[in-house]
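A short worksheet on the structure shown next.
Bear in mind these aren't lab numbers, they're just calculated from the coordinates by the rules spelled out. For clarity, every value in this text was computed on a predicted model and none was experimentally measured. Reconstructed Cβ throughout: ideal geometry from the backbone, glycine too, with neighbour counts over all protein chains shown.
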Amino acid sequence: MDLGIAGRRAAVAAASAGLGLGAARALAAAGVRVAICGRDRGRLQAAAAELDERAVAIRADLADPGEGARFVAEAGERLGGPVDILVANAGGPPAGTFATTALDAYRDAFEQNCLATIAMCQAAVPGMRERGWGRVVAITSLGARQPMGNLIASSTARAAVTAFLKVLAAEVAGDGVTVNSVQPGSHLTARLAATSGAGLAERAAAIPAGRLGDADDLGAIVAMLCSEHAGFVTGAGLPVDGGANRGLQ
């Protein structure tokens, strides 16, 4: 299916591995020129090589929100023009409950999983509005919709960025810019494998689809939300979870 975005320019954050790389792969397959960022230079270069010869790798650490804005600006410079598509993403905060999570951990989670996205939007969205076309998709978590007690800092920060995206979507919809989020459930990434250990089979069995997701499952949905076909979809938070969310919303 032609998504109608071949030749567009995209900045995909935290895309040296995992869900971000899945999104970058799907966009590259649709003919989009892609810039990716990550902290580890070796993994970043390997990911860029996997995408195609036009992919651009930029080292950035989104624990500093200012790095997010720099990434978007540098992506535009190296891709030959301002970005049309922003996929906001960042690594997840450590697990923890109310009893085990210190105040500083909330601050760290908020900077990486909320303020970095805001900074990237501030760098990318004004130009999108001027040109009359743009797509913002944030990769958040099912924890923004269905809070997870063992990921209290993550759920708190993801809920905050979801509210920001909802307000932003309403402000820029009339300018041809859509703003959405995808809310992944359990996807088989290195982080999930490291934190779950032998519990992966149990996690999969608890999902109605009967399996864990993978990065390409999520990437396909991100690319669709970035497409021409999704121009009337904005302000949405879409679970991508194999049916794990049981709520009515």
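Were the residues from Asp216 through Glu171 laid out at 0.36 nm apart, the gain over their Cα-Cα distance would be 13.1 nm.
Relative to the longest principal axis of the chain, what angle (0 to 90°, nearest 10) does the C-alpha long axis of helix 18-29 take? Helix 18-29 and the main axis of the chain meet at about 30 degrees. In terms of packing, defined here as the mean over residues of other Cβ atoms within 10 angstrom, the peptides 52-63, 110-121, 142-153 line up highest first as 110-121, 142-153, 52-63. Each stretch of four or more DSSP H residues adds -39500 (n - 2.57); spread over every residue of the chain, this sum gives -13500 deg cm²/dmol at 222 nm. Relative to the longest principal axis of the Cα atoms of the chain, the long axis of helix 152-172 lies at roughly 30 degrees.
Across the chain, Cα pairs under 8 Å and at least six residues apart give a relative contact order of 22 percent. Under 5 Å between amide hydrogens, built in the peptide plane, is the criterion, and for His187 it picks out Gly213 among residues at least 5 positions away or on other chains.
For the chain, rounded, prolate or oblate, judged on the Cα gyration tensor with a ≥ b ≥ c (square roots of eigenvalues), a/c < 1.5 rounded, else prolate if a/b > b/c? Rounded is the answer for the chain, as its axis ratio a/c remains below 1.5. The magnitude of the dipole of the chain, with charges of +1 and -1 set on the Cβ of Lys/Arg and Asp/Glu and taken from the Cα centre, is near 140 debye. Length gained on full extension, Ala99 to Arg246, computed as 0.36 nm times the residue gap minus the Cα-Cα distance: 50.2 nm. Under the classification rounded if a/c is under 1.5, otherwise prolate if a/b is larger than b/c and oblate if not, where does segment 101-178 fall, given a ≥ b ≥ c as square roots of the Cα gyration tensor eigenvalues? Note, shape of segment 101-178 comes out prolate.
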